[in-house]
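Engineer: Questions regarding the structure given below will be posed in turn.
Each value in this text was obtained by applying a stated rule to the coordinates, not by laboratory testing. Treat the numbers as computed from the prediction; the structure is a model and nothing was measured. Here the Cβ positions follow ideal geometry from the backbone for every residue, glycine too, while neighbour counts run over all protein chains shown.
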Amino acid sequence: MSSILKVDTIQTTAGAAPTTKDLGFAAGSVIQMQTADFVGNSTTSTSTSFTDTGITLNITPKFATSKILVIVHHVISVANGANHGRVDFKCIESGGTEIYRMDYHGTDGTQNGNIQKNMSGSGVFQCSNTNQLTFKTQVQKANSTAGESGSIFIRWYSESKMTITALEIAQ
């Protein structure tokens with residue numbers, strides 16, 4: 001035999017909205033996890049402005065007090081001939097909050113080929129409401145100074161999975 005309980009609102013005995021602790025979630029507990037894999041064709045950027053890579057993830061926090069741990073793994077190729085190229089890479093939230101930023105300086109010496117770099121990073125976002133959040137990655141080519149040139153290739157290879165993972169953590 002099963003039962004269904006339906007209510008419009010849950011409140012503490014003091015009349016406040018319950019916290020994660022009130023609902024039995026210990027601080028540090030994972031409330032939910034969302035993962036997005038890169039699907040699609042390779043894209044190329046030679047822009048010195050930040051450009052979306054095409055990898056995005058949506059998560060709707062269950063609690064306004066939660067923190068979101070964002071983990072990204074990405075593969076970047078720098079095609080640069082005999083020069084070297086610099087890639088600035090960041091993960092941002094849809095409202096513009098930067099979660100983290102990395103840069104990669106690639107050089108191939110005298111070779112005329114591509115340099116592939118696996119980039120992984122993580123950052124924490126503090127929720128303030130339960131509105132849906134979108135996390136995405138962006139890259140930009142470094143300014144063409146000091147010999148920094150070359151294209152930035154955002155590539156998806158069958159043997160290289162690129163992902164964004166978001167974990168909602170109870171506070």
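Engineer: How many nm is it between the label spots at K21 and T97, if each spot is 7 Å from the Cα in line with the beta carbon?
Structural biologist: Between K21 and T97, the simple spin-label model gives 2.1 nm.
Engineer: Now, a different point. If you count, for each residue, the other Cβ atoms within 10 Å and average over each peptide, how do 56-66, 91-101 line up from highest to lowest?
Structural biologist: Ranked by mean Cβ neighbours within 10 Å, highest first: 56-66, 91-101.
Engineer: How would L133, L167 line up from fewest to most surrounding beta-carbon atoms within 10 angstrom?
Structural biologist: In order of increasing Cβ crowding within 10 Å: L167, L133.
Engineer: For T44 and T13 in the same chain, what is the full-extension length gain: residue separation times 0.36 nm, less their Cα-Cα distance, in nm?
Structural biologist: Between T44 and T13, full extension yields 5.5 nm more.
Engineer: Considering Cα pairs under 8 angstrom that are at least six residues apart, work out the relative contact order of segment 1-57 and quote it in whole percent.
Structural biologist: 21 percent
Engineer: Tally Lys and Arg at +1 and Asp and Glu at -1 over the other residues with C-beta under 15 Å from the C-beta of A166: what net charge comes out?
Structural biologist: The answer is 0.
Engineer: Right, next: Multiplying the sequence separation of K117 and D52 by 0.36 nm and subtracting their Cα-Cα distance, what value in nm do you get?
Structural biologist: 21.6 nm
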